[in-house]
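For reference, the structure discussed in these notes is given below.
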Amino acid sequence: MLPALAGVVVVLCALVAGLAVGYRVAGVAVPLGALVLLVVLGPALVRRHRPLARRRLGFYTAEELAELDAQGLALAVSRMLRRDGWRVLPAPRVQDRPRVRARDGLGQRLEVAFRPVAEPLPDEDPPARPGRADSAGAPVRLVVHRGAFSRRDVQWAHRQGGVRLIDGSCLARWAHGTPLHELNEFP
């Protein structure tokens, strides 16, 4: 603790000395420039490193993802989709299973379902929403799971068509900042 404090004191003294030398050489422009730089960059740096603000921007650590329940994971995925430029639509009123729906700027639709760790994938038809037909075509369905998918799960997704699986490692990379379209298995 003491070496870190000594390091902070040395850095602060060096900054003050640099400002004093800059003031003597160039006048008041150097301290004012430093103040403007501090005002502009300070909040951005603090916001980027604070966990709550970082999560609101859609960046999560693997440990934070592991601690989330199903609703929390749905909120995290919504934030990550917004970060990647998707417009998240209001969630359907289903209490037992959270779902996220989104649309990008090109009109592509995305439906996200969440799979609990010890539950098999459903062999059911994709959820259909009544309403008008959409010219953008069928939505891409995304199944998010914090664990690993089995061979059977991958075969099920392949048979369904339009289903993409996001396992724990893919989810961690997405949460760390990799855009969704750069992840494996996503068009």
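In the set LEU142, LEU165, LEU171, LEU183, which member is modelled with pLDDT under 85, among the hydrophobic types (A, V, I, L, M, F, W, C), in contact with a helix residue (DSSP H, G or I) (Cβ under 9 Å, 6 or more places away or on another chain) and open to solvent by less than 40 Å² (accessible area, probe 1.4 Å)? Before the answer, list the steps.
On the way: LEU142 fails: modelled with pLDDT under 85; LEU165 fails: modelled with pLDDT under 85; LEU171 fails: modelled with pLDDT under 85.
Selected residue: LEU183, the only one of LEU142, LEU165, LEU171, LEU183 that is modelled with pLDDT under 85, among the hydrophobic types (A, V, I, L, M, F, W, C), in contact with a helix residue (DSSP H, G or I) (Cβ under 9 Å, 6 or more places away or on another chain) and open to solvent by less than 40 Å² (accessible area, probe 1.4 Å).
Answer yes or no as to whether ARG97 is within 16 Å of LEU142 (Cβ to Cβ) and touching a Gly at 6+ places or on another chain (Cβ under 6 Å). Spell out the reasoning first.
Numbers: within 16 Å of LEU142 (Cβ to Cβ): yes; touching a Gly at 6+ places or on another chain (Cβ under 6 Å): no.
Against the criterion (within 16 Å of LEU142 (Cβ to Cβ) and touching a Gly at 6+ places or on another chain (Cβ under 6 Å)), ARG97 does not qualify.
Could you run through region 41-96 and say how many residues are outside any helix (DSSP H, G or I), over 15 Å from the mean Cα position of the chain (by Cα), modelled with pLDDT under 85 and not acidic (Asp, Glu)?
The total comes to 6.
The values are calculated or read from the model by the stated rules, or taken from the named source; none is laboratory data. Predicted, not measured: the structure shown is a model, and the values here were computed from it. In this analysis, Cβ positions are derived from the backbone assuming ideal geometry, glycine residues included, and neighbour counts consider all displayed protein chains. With ligands, DNA and RNA removed, areas are computed over all heavy atoms of the protein, side chains included. Shrake-Rupley method; radii C 1.70, N 1.55, O 1.52, S 1.80 Å.
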